[in-house]
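The numbers here are math on the coordinates, done by the rules we state, and not lab data. The shown structure was predicted, so the numbers you read here are calculated from the model rather than taken from an experiment. No Cβ is skipped: glycine too gets one built from the backbone with ideal geometry, and neighbour counts run over all protein chains shown.
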Amino acid sequence: MTQKKMIRSHYQAHRDGLVRYVQAITGDRDQAEDVVQEAYLRLGQALTGRLLDDPGRYLFRIVRNLALDGRRRGRRDGRLYADDPDPLIEGARDEQPSPEASALARDDYERLLAAMAELPERTRIAVEMHRLGGAKLREIAAELGISTSAAHQLVVDGVAHCRDRLRR
């Protein structure tokens with residue numbers, strides 16, 4: 001018997017048990033059916049060009065992983081899309097910073113801008129590109145016409161200067 005026929009036979013013999021197993025994890029019969037079918041398809045793809053020692057066990061592992069992923073996704077989606085929007089609005093109100101915290105943040109921001117203005121131009125550009133723009137060191141080096149290690153040193157020096165200024 002070929003491996004594919006053996007898998008198909010195993011799948012048909014254990015399909016109902018796999019569906020019940022997934023339904024116990026997800027709590028949804030339709031989703032369980034989909035997960036088991038998806039697992040069977042993935043197992044077929046995994047078999048392409050190789051032999052598995054225990055394809056039935058591999059199928060069971062795929063089913064389990066897909067079921068757990070589906071359950072996690074369902075929980076996450078449930079938090080994102082609650083039926084009653086009022087708790088979300090209440091939560092958003094609680095996340096608003098206090099007036100004192102806003103004033104302190106504005107003050108820190110102004111001090112950071114002043115510290116950045118004190119930096120030599122190349123250092124300021126390197127820090128802005130790296131910390132604010134997400135540029136990689138090699139991109140900064142290319143932009144400034146310097147080595148990657150020199151770009152790294154500019155960023156380190158600039159960040160240290162800003163950190164010192166904010167601590168005062």
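Let me make sure I get this right: for region 1-45, a, b and c are the square roots of the gyration tensor eigenvalues over alpha carbons, sorted descending. Under 1.5 in a/c it's rounded, otherwise prolate if a/b > b/c, else oblate. Which is it? Because a/c hits 1.5 or more and a/b exceeds b/c, region 1-45 counts as prolate. Model label points for Ser147 and Leu68, set 7 angstrom from Cα along the Cα-to-Cβ axis, are 4.7 nm apart.
If packing is taken as the mean number of other Cβ atoms within 10 Å per residue, what is the order of 118-131, 99-112, 15-28, highest first?
Result, highest mean Cβ count within 10 Å first: 118-131, 15-28, 99-112.
Amide H contacts of Ala135 (H built 1.01 Å from N, in plane; Pro and chain starts excluded): His130 sit under 5 Å, all sequence-distant by 5 or more or on other chains.
Taking a ≥ b ≥ c as the square roots of the Cα gyration tensor eigenvalues, with a/c under 1.5 meaning rounded and otherwise prolate when a/b beats b/c, else oblate, which class fits region 98-148? Since a/c reaches 1.5 but b/c is at least a/b, the shape of region 98-148 is classed as oblate.
Across region 153-158, computed HN-Hα scalar couplings (Karplus, 6.51 cos²θ - 1.76 cosθ + 1.60, θ = phi - 60°) run 5, 4, 5, 4, 4, x Hz from first to last residue, x flagging Gly and Pro.
Per 0.36 nm of contour for each residue apart, how much would the distance between Ala13 and Leu41 grow if the chain were fully extended, relative to their Cα-Cα spacing? Write out the running numbers ahead of the final one.
Values: separation 28, 0.36 × 28 = 10.08 nm, distance 1.62 nm.
Result: 8.5 nm gained on full extension.
Across region 9-25, rounded Karplus estimates of 3J(HN,Hα) from the backbone phi angles (6.51 cos²θ - 1.76 cosθ + 1.60, θ = phi - 60°) give 5, 5, 4, 5, 6, 10, 4, 4, x, 5, 4, 4, 4, 5, 4, 5, 7 Hz, Gly and Pro being marked x.
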